[in-house]
Amino acid sequence: PTFSSESRLVQVGFQLSMTASRGYIYYTTDGTDPCQPLDASISDTTFIPENATKKVIVPAVAIDSAWKGSTEFDDSDWQSGSGNVGYEQGNGYENIINMDVGPEMINRQTSCYVRIPFSVDQNKLESYNILTLRMYYDDGFMVWLNGEKVAEANAPAILVWNATATNNHEAEAWDTFDISNFVNKLLPGENLLAIQGLNVESSSSDFLIGTELAAGTATNPGEISENALQ
C-alpha cells in the first residue's frame, strides 16, 4: 500500500489513508498479522547457485549504469569466473574465495561490481510467487534484478560508483532476503542479477560477496486473519 504519510510523527487529528494499485488492502489495529501463518508446500528452482558463472570488475572510474540492468551491456573486458568474489589478507575467507579481487581493491577501492546472467523457463515463469535472495557478504551491497533495486545492506543513501559500506559486517552465515515483491521482474529467457559489493574501507583486511537466487511456488499462500479489516 501507499500511505498518505510515511512519517512516524504526525499532527494531532491526522487521518491516514491507504491506496493500492490493485487488489484489496487488509489491515489490523491490534498489532497482529492480517495474514495467517503461511502453511505452504514450496517447490524451489535455483536460478543462481553459489558457484554460478559471473563477470566482475573493480571500477577505476564511473561506468555506464546499464551494467546494472542490461543483458546486452558489453562486459567482455570484465574478469570471468564463478563462485564467491573477494579477498582475504588474514584468516577467514581464504578457502571460499574463487575470484580474488585483492590486487584491485586493497588500499585502492571499496566497491566491486558483479554481473550474473541467468535464464528463466517461460513455461514456469507464471507459476512463481516466491523469490529468495541469499547473500554471504562482508561488508555491504546493493542488488538489482534486471535493473530494479531489490535488496541492500549497509549501503549509503546515495550510492556512487566508488561507494563505501556504512558499517562492518562479518560473513558468519548466509543472510536471506525475501524479494517476492519483485517476482514480476523476472523475464522469460535471459535475466541479470547485478551487485555492487561494498567494503567499509580500502585498507580492510578482507572482502566477500557470495550470492544465491531461487524462485518457488507456494501452493497454499495462507488466508486472511479473522481480525483483519478490509
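Assorted remarks:
- Alpha-carbon Debye profile of the stretch 143-223, log10 I(q)/I(0) at 0.11, 0.16, 0.22, 0.26 Å⁻¹: -0.39, -0.75, -1.18, -1.44
- Each of S82 and N129 was given a label point 7 Å from its Cα along the Cα-to-Cβ line. The distance between the two points is 3.4 nm.
- Excluding exposed DSSP-loop trypsin sites (Lys or Arg not before Pro) (at most 15 other C-beta within 10 Å), longest clean stretch of the chain: 109-230
- Principal axis dimensions, largest first and in whole angstrom, of the stretch 10-120 by Cα: 58, 41, 37
- P(r) tail fraction, the stretch 95-230 - alpha-carbon pairs more than 20 Å apart, %: 52
- Distribution of pairwise C-alpha distances over the stretch 160-201, 5 Å bins, in %: 5, 14, 16, 21, 17, 17, 8, 2
- Overall, the chain carries a charge dipole of about 600 debye about its Cα centre when +1 sits on the Cβ of Lys and Arg and -1 on the Cβ of Asp and Glu, all other atoms neutral.
- Within a Gaussian network of the chain (alpha carbon springs, distance under 10 Å), most fluctuating of D77, D100, D30: D30
- Calculated over the stretch 82-167, the projected area of the Cα convex hull averaged across directions stands at 7.3 nm².
- Distance in nm between pseudo-label sites at S180 and S5 (7 Å out along the Cβ direction from Cα): 3.1
- Percent accessible area from carbon and sulfur atoms, the chain, protein chains only, probe 1.4 Å: 45
- Most mobile of L125, L145, L192 in a GNM of the chain (Cα contacts under 10 Å): L125
- DSSP beta bridges in the stretch 1-110 [antiparallel fraction, %, rounded to 5]: 65
- The chain: translational diffusion in µm²/s, Stokes-Einstein, Kirkwood Rh over Cα pairs, 10 °C, 1.306 mPa s: 81
- Taken over the Cα atoms of the stretch 104-151, the convex hull encloses 107 Å³ per residue.
- The stretch 1-75 - Rg over Rh from alpha carbon coordinates, Kirkwood radius: 1.17
- Summed over the residues of the stretch 47-91 and divided among them, the accessible surface reaches 51 Å² per residue at a probe radius of 1.4 Å.
- Sparsely packed GluC sites (Glu not before Pro) within the stretch 150-229, loop by DSSP, other Cβ within 10 Å at most 13: E170, E172, E201, E223, E226
- Of K149/K185; K55/K124; K54/K185, pairs whose Cα-Cα distance is over 22 Å: K55/K124
- The stretch 76-123, Cα convex hull volume normalised per residue, Å³: 112
- Springs between Cα atoms under 10 Å define the GNM used for the chain, and in it the highest mean-square fluctuation of I158, I209, I130 occurs at I158.
The values are calculated or read from the model by the stated rules, or taken from the named source; none is laboratory data. The model shown is predicted, which means the values in this text are computed figures rather than measured ones. Backbone-built Cβ (ideal geometry, glycine too); neighbour counts: all protein chains shown. SASA here: full protein model, heavy atoms, side chains in, ligands and nucleic acids out. Shrake-Rupley method; radii C 1.70, N 1.55, O 1.52, S 1.80 Å.
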